[in-house]
Amino acid sequence: MKDLETVENILTERLRMSMVTPRWVPKTPSAFGNCQGGWPIIAWRYFVEHGICSGGAYGDKNTCKPYEFAPCGHHKNQTYYHECKGRTEPPKCQRKCQDGYPVSYEDDKTYGWTAYFLRSVSAIQRDIMKNGPVVAAFMAYEDFLQYKSGIYKHTAGAEVGGHVVKIIGWGTENDVPYWIMANSWNTDWGEDGFFRMIRGVDECLIEDYVVAGLV
């Protein structure tokens, strides 16, 4: 479910508001697929058509639907949290806010205005400069799981499946262009939770499926 959680995190940055709930979109329509192949554009369109209520970190009491699962470590990097134990099934959809929250579910919702694809490197860059981070889906390989630092380029290992991250910027190091991206595997993975990937060559299909939206 991390794939579609990325969409909600980006909505937060674009809205400059309390975080929209990181659970409601992935767990509602089965078409989203959760971590079994969710599509970020569908999450954005759901936000536009149906709206999403506010959310926050696990245990937060100041939003409608905070994150419902306690933190755990990903991919053997349990520096701060205990190891994740298997796969957790999404809870049942309930169209109501947590007990004690003073606003109704419907009144708490925020709606998006539009959702769209970004079809080129320059279009991605323009949208980031104008509106903030964007959502990118790519094919992850075994060597990505072992990433520590530097500019990632796939060199070894089999496919492990699709993954979704947010692109927050770009740069160049030693004449090598790269994207700056935020992952969802805690801050003890990669470069404090971030990583860089070579830019402009559609590495691991990173530039093939990039979506964003407006409020």
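The values are calculated or read from the model by the stated rules, or taken from the named source; none is laboratory data. Just so it is clear, the model here is predicted, and its values are computed rather than measured. So basically every Cβ, Gly included, is an ideal-geometry build from the backbone, and we count neighbours across all protein chains shown.
For the reader, a short list of remarks on this structure follows.
- Residue match in segment 163-180 (condition: in a loop (DSSP other than H, G, I, E, B), in contact (Cβ under 8 Å) with a residue 12 or more places away in the chain and not assigned by TED's automatic domain parsing to the domain that holds C64): no
- Residue in segment 155-172 that is under 22 Å from K130 (Cβ atoms) and among the hydroxyl-bearing types (S, T, Y) present: yes
- Residue within segment 123-134 that is at pLDDT 95 or above, within 19 Å of the chain's Cα centre (by Cα) and assigned to a strand (DSSP E or B) present: yes
- All positions within segment 111-137 that are in contact with a Gly (Cβ under 7 Å, 6 or more places away or on another chain), surrounded by 19 or more Cβ atoms within 10 Å (Cβ to Cβ) and not aliphatic (A, V, I, L, M): G112
- Any hit, segment 141-148, residues being on the phi < 0 side of the Ramachandran plot, touching a Leu at 6+ places or on another chain (Cβ under 7 Å) and among the aliphatic types (A, V, I, L, M): no
- Residue within segment 136-146 that is at pLDDT below 95 and over 16 Å from the mean Cα position of the chain (by Cα) present: yes
- Test: residue in segment 5-16 that is modelled with pLDDT of 75 or more, part of a helix (DSSP H, G or I), within 12 Å of the chain's Cα centre (by Cα) and crowded, with 21+ Cβ neighbours inside 10 Å: no
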